[in-house]
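> First the structure, which I've put down as structure tokens, then a few questions once you've had a look.
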Amino acid sequence: MTTTLATLARWVDDVARLTRPDAIHWCDGSDAEARSLEAAMRESGDLIALNPDSHPGCHLHRSHPSDVARVEHLTFVCTTDADDAGPNNHWMAPADAHAKIDALFDGCMQGRTLYVVPYCMGPIDSPLSRCGVEISDSPYVVANMRLMTRMGAAALARIEREGTFVRGLHSTGELDPARRFIMHFPEELTIKSFGSGYGGNALLGKKCHALRIASHQARQEGWLAEHMLIVGIRNPAGVTRYIAAAFPSACGKTNLAMLIPPKAYRDAGWEVFTIGDDICWMQPGADGRLYAINPEAGYFGVAPGTSAKTNPNALAMLDRNAIFTNVGLTADGQPWWDGLPGVPAFDWQGRPYDPANGPAAHANARFTVSARQCPSWSPEAENPHGVPIDAIVFGGRRESLVPLVFEARDWTHGVLVGAGMASETTAAATGAVGVVRRDPMAMKPFCGYNFAEYFAHWLSFDRPGAKLPKIFHVNWFRKGDDGAFLWPGFGDNMRVLEWILARCAGTAGADRTPIGAVPRAQDLNLDGLALPPAALDVLLEVDADGWREEMHAVGAYLASFGARVPQRLLDEAARVAGALGTAA
Ligand code: GTP
Ligand code: SPV
Ligand code: MN
């Protein structure tokens, strides 16, 4: 296989000349190709076959111990003008960045095979989809890209028809953290990634293309590329509504997207459907509503915490044809992490399990699996027009201050709520865990341009004829004095989703507060929930002093982006601060 597209053929030639691989393989995405790659990886030790009786078609991959998460400090957005990347990104001049990383690529594929991976982000026949080609010397990357994207012959045919594609060049290199860079050239629709095999650093269709490059394109073309799940909720009357929700990495998107409602809801006829768990591309339709597609075809999800109690849908999809990365292993060859029954025999580094070495699975251990294997997967995920969004939900991990849920009063306020988001950091990126940081719209690590202009772009959707979703903020992670979560979360988050949809329909009550509309206890369906009334008081309280401080911090944060910040957003922040009044 090769290509009729001269620009693609020339680029592959150029890369091969620079990297000097032993062989070149054009991926067709077929089952036969996947099986033969897997066999080769079992041979080389890249993959370990799991128990064929309990987990047919499943493999374990153990990464280098220093290559287990995204590396934000080594991730660059390389625009001609540094201000276009903004203070939210690390920046390097494009020419310097190319020179630096091309030196690393020089000869790096000697002794290896260069894989050409054509892929489509979104349904192959959707006008909202966009294509790319990743060149990689990692068969593990190829296997993951096959699950995560529409990869192979059909994507290549679309690329040849369209003539344009995002170029992604990746090499695992020697996995030396000192020689590791993830570089983006939005003006050239190009990505170069060296020295890591980890998901967000190496599966270039995902964060690099579908968020950093796509957000740049989306701004120019009038759409949104967001770090959001998409979930469908069918009510007992048979009407399905769609919600898109942005939570930072490892803050609950996969779990909310696959939620199973409490029994009373199921008995009453509610059902939840999964469209996507990580990325959402949205644009206004002819009717003024926002329509969303999930550009991905699989899930690259957090393993620890995934259990029969928290996320049974995920467990059900992980018993076949899945890749597990950095999980523990039982004596009979089954994957293991905290939340699963059984005991680990080996930890994620392959050592005999010893609690003194920490949990058997790495905190950022992940699974990769085709989306269609999820019991709640909806065929609407293949709808080329996308699904209409009724509510946008922002959220974060906040042990204090932030209520369970509140509703922004209009689009401008909602954009402020998103821009002011903060969350405790997680193991999804290297660095400290549990530190509160600003993470606007959960896009801090992923926005391919200046946040000030990103906020203005969000505001621009509020225009005549627009029928915009309502905007909400949730927090599943509020803790009590004993350090335990106050809200049960997971399936019980359905109670909050029901209130959100009822607010959209105009049928639910709330208290109007300076930060937005907050439900009173009687506005939420709490049937069958054993929650102490005191916990609910804390979950629904608005602490005016705390919020005055918070809004002060938000104001300072917005100001840090300088003159490009839209005045409308600053005015809105001043309005909310004013509504909170001055300290008594
Ligand atoms: P990325 O894939 O990194 O973008 O993360 P994500 O947002 O999809 O996060 P995910 O759903 O995988 O959740 C991350 C962790 O948070 C897991 O360990 C979950 O068990 C936990 N979690 C998810 N939802 C809830 C919840 O409602 N309450 C509590 N307490 N924990 C949750
Ligand atoms: C995240 O970190 O937000 C993820 C995993 O979804 S990765 O693909 O590595 O970015
Ligand atoms: Mn993510």
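The values are calculated or read from the model by the stated rules, or taken from the named source; none is laboratory data. This one's a predicted model, so the numbers in the text were calculated from it and none came from an experiment. Quick reminder, even Gly has a Cβ in these numbers, built from the backbone with ideal geometry, and neighbours come from all protein chains shown. These area figures cover heavy atoms from the full protein model, side chains too; ligands, DNA and RNA do not enter into them. Shrake-Rupley method; radii C 1.70, N 1.55, O 1.52, S 1.80 Å.
> Which of the residues that make up the stretch 427-463 are out of contact with any helix residue (DSSP H, G or I) (no Cβ under 9 Å at 6 or more places or on another chain) and open to solvent by less than 20 Å² (accessible area, probe 1.4 Å)?
Across the stretch 427-463, the qualifying residue is only 439.
> Within the stretch 9-43, count every residue that is free of Cβ contacts under 8 Å to residues at least 40 places away in the same chain and open to solvent by 70 Å² or more (accessible area, probe 1.4 Å).
10
> In the stretch 517-550, which residues are touching a residue at least 60 places away in the same chain (Cβ under 8 Å), more than 22 Å from residue 492 (Cβ to Cβ) and open to solvent by less than 60 Å² (accessible area, probe 1.4 Å)?
Scanning the stretch 517-550 gives 546, 547, 550.
> In the list 199, 173, which residue meets the criterion of being touching a strand residue (DSSP E or B) at 6+ places or on another chain (Cβ under 6 Å), at positive phi and not β-branched (Val, Ile, Thr)?
Residue meeting the stated conditions: 173.
> Only one of (1) in contact with a helix residue (DSSP H, G or I) (Cβ under 8 Å, 6 or more places away or on another chain); (2) within 23 Å of residue 252 (Cβ to Cβ) fails for residue 531. Which number is that?
Exception for residue 531: condition (1).
> Filter the stretch 434-454 for residues that are more than 15 Å from residue 397 (Cα to Cα) and within 16 Å of ligand 2 (Cβ to nearest atom) and give the result.
445, 446, 447, 448
> Looking only at the stretch 278-310, which residues are out of contact with any strand residue (DSSP E or B) (no Cβ under 9 Å at 6 or more places or on another chain) and either touching a residue at least 40 places away in the same chain (Cβ under 8 Å) or at positive phi (or both)?
288, 304, 305, 309, 310
> Read through the list (1) open to solvent by 20 Å² or more (accessible area, probe 1.4 Å); (2) within 16 Å of ligand 2 (Cβ to nearest atom); (3) over 28 Å from residue 493 (Cα atoms), then give the number of the only condition that residue 326 fails.
(1)
> So the check is Cβ under 9 Å with 6+ separation or different chains; which pairs have a first residue in the stretch 339-353 that's within 16 Å of ligand 1 (Cβ to nearest atom) and a second one that's at pLDDT below 95 and not hydrophobic (A, V, I, L, M, F, W, C)?
Note: no pairs meet the criteria.
> In this structure, is residue 400 over 22 Å from residue 297 (Cα atoms) and open to solvent by 30 Å² or more (accessible area, probe 1.4 Å)? Outline the logic, then answer.
On the way: over 22 Å from residue 297 (Cα atoms): yes; open to solvent by 30 Å² or more (accessible area, probe 1.4 Å): yes.
The answer is yes for residue 400.
> Is it true that some residue in the stretch 403-419 is more than 16 Å from ligand 3 (Cβ to nearest atom), more than 30 Å from residue 62 (Cβ to Cβ), surrounded by fewer than 21 Cβ atoms within 10 Å (Cβ to Cβ) and among the small types (Gly, Ala, Ser)?
no
> Can you find, within the stretch 270-307, the residue that is surrounded by the most Cβ atoms within 10 Å (Cβ to Cβ) among those that are of a type in the set (S, T, N, Q) and within 9 Å of ligand 1 (Cβ to nearest atom)?
306
> When the residues of the stretch 259-270 are narrowed to those that are touching a Gly at 6+ places or on another chain (Cβ under 9 Å) and in contact (Cβ under 8 Å) with a residue 40 or more places away in the chain, which ends up nearest to ligand 3 (Cβ to nearest atom)?
259
> Could you say whether any residue in the stretch 373-394 is within 13 Å of ligand 1 (Cβ to nearest atom), farther than 27 Å from residue 234 by Cα and touching a residue at least 40 places away in the same chain (Cβ under 8 Å)?
No, the conditions are met nowhere in the stretch 373-394.
> Determine which single condition residue 233 fails, assuming it passes every other condition in (1) farther than 29 Å from residue 456 by Cβ; (2) buried (at least 21 other Cβ atoms within 10 Å of the Cβ); (3) more than 19 Å from the chain's Cα centre (by Cα); (4) not assigned by the TED database to the domain that holds residue 289.
Going through (1) farther than 29 Å from residue 456 by Cβ; (2) buried (at least 21 other Cβ atoms within 10 Å of the Cβ); (3) more than 19 Å from the chain's Cα centre (by Cα); (4) not assigned by the TED database to the domain that holds residue 289 one by one, residue 233 breaks only (4).
> Then there's this: Is it the case that residue 247 is of a type in the set (Phe, Trp, Tyr) and either more than 16 Å from ligand 3 (Cβ to nearest atom) or open to solvent by 10 Å² or more (accessible area, probe 1.4 Å) (or both)? Break it down into steps so the answer makes sense when it comes.
Working: of a type in the set (Phe, Trp, Tyr): yes; either more than 16 Å from ligand 3 (Cβ to nearest atom) or open to solvent by 10 Å² or more (accessible area, probe 1.4 Å) (or both): no.
So residue 247 fails the test.
> Away from ligand 3 (no atom under 16 Å from the Cβ), small (Gly, Ala, Ser) and over 22 Å from the mean Cα position of the chain (by Cα) - does that describe any residue in the stretch 462-479?
Within the stretch 462-479 (the criterion being away from ligand 3 (no atom under 16 Å from the Cβ), small (Gly, Ala, Ser) and over 22 Å from the mean Cα position of the chain (by Cα)), the answer is yes, since at least one residue qualifies.
> Here is a follow-up. Scan the stretch 243-252 and give yes if some residue there is closer than 26 Å to residue 120 by Cα and more than 14 Å from ligand 1 (Cβ to nearest atom), otherwise no.
Yes: one or more hits.
> Could I ask something else about it? Could you tell me which of the residues 298, 305, 342 is over 23 Å from the mean Cα position of the chain (by Cα) and either at pLDDT 95 or above or more than 15 Å from ligand 2 (Cβ to nearest atom) (or both)? Walk me through how you get there before you give the answer.
Details: 298 fails: over 23 Å from the mean Cα position of the chain (by Cα); 305 fails: over 23 Å from the mean Cα position of the chain (by Cα).
Going through 298, 305, 342 in turn, the sole match is 342.
> Quick check on the stretch 416-475: of everything there that is of a type in the set (Gly, Ala, Ser) and part of a helix (DSSP H, G or I), which residue is nearest to residue 364 (Cα to Cα)?
Among residues in the stretch 416-475 that are of a type in the set (Gly, Ala, Ser) and part of a helix (DSSP H, G or I), the one nearest to residue 364 (Cα to Cα) is 442.
> Do we have any residue at all in the stretch 355-367 that's outside the structural domain of residue 544 (by the TED database), outside any loop (DSSP other than H, G, I, E, B), under 19 Å from the mean Cα position of the chain (by Cα) and over 20 Å from residue 241 (Cβ atoms)?
Checked against the condition, which is being outside the structural domain of residue 544 (by the TED database), outside any loop (DSSP other than H, G, I, E, B), under 19 Å from the mean Cα position of the chain (by Cα) and over 20 Å from residue 241 (Cβ atoms), the stretch 355-367 yields at least one hit.
> Taking the residues in the stretch 252-269 that are touching a helix residue (DSSP H, G or I) at 6+ places or on another chain (Cβ under 7 Å) and open to solvent by 30 Å² or more (accessible area, probe 1.4 Å) as candidates, determine which candidate is nearest to residue 424 (Cα to Cα).
Step by step, filter the stretch 252-269, then rank; the result is 255.
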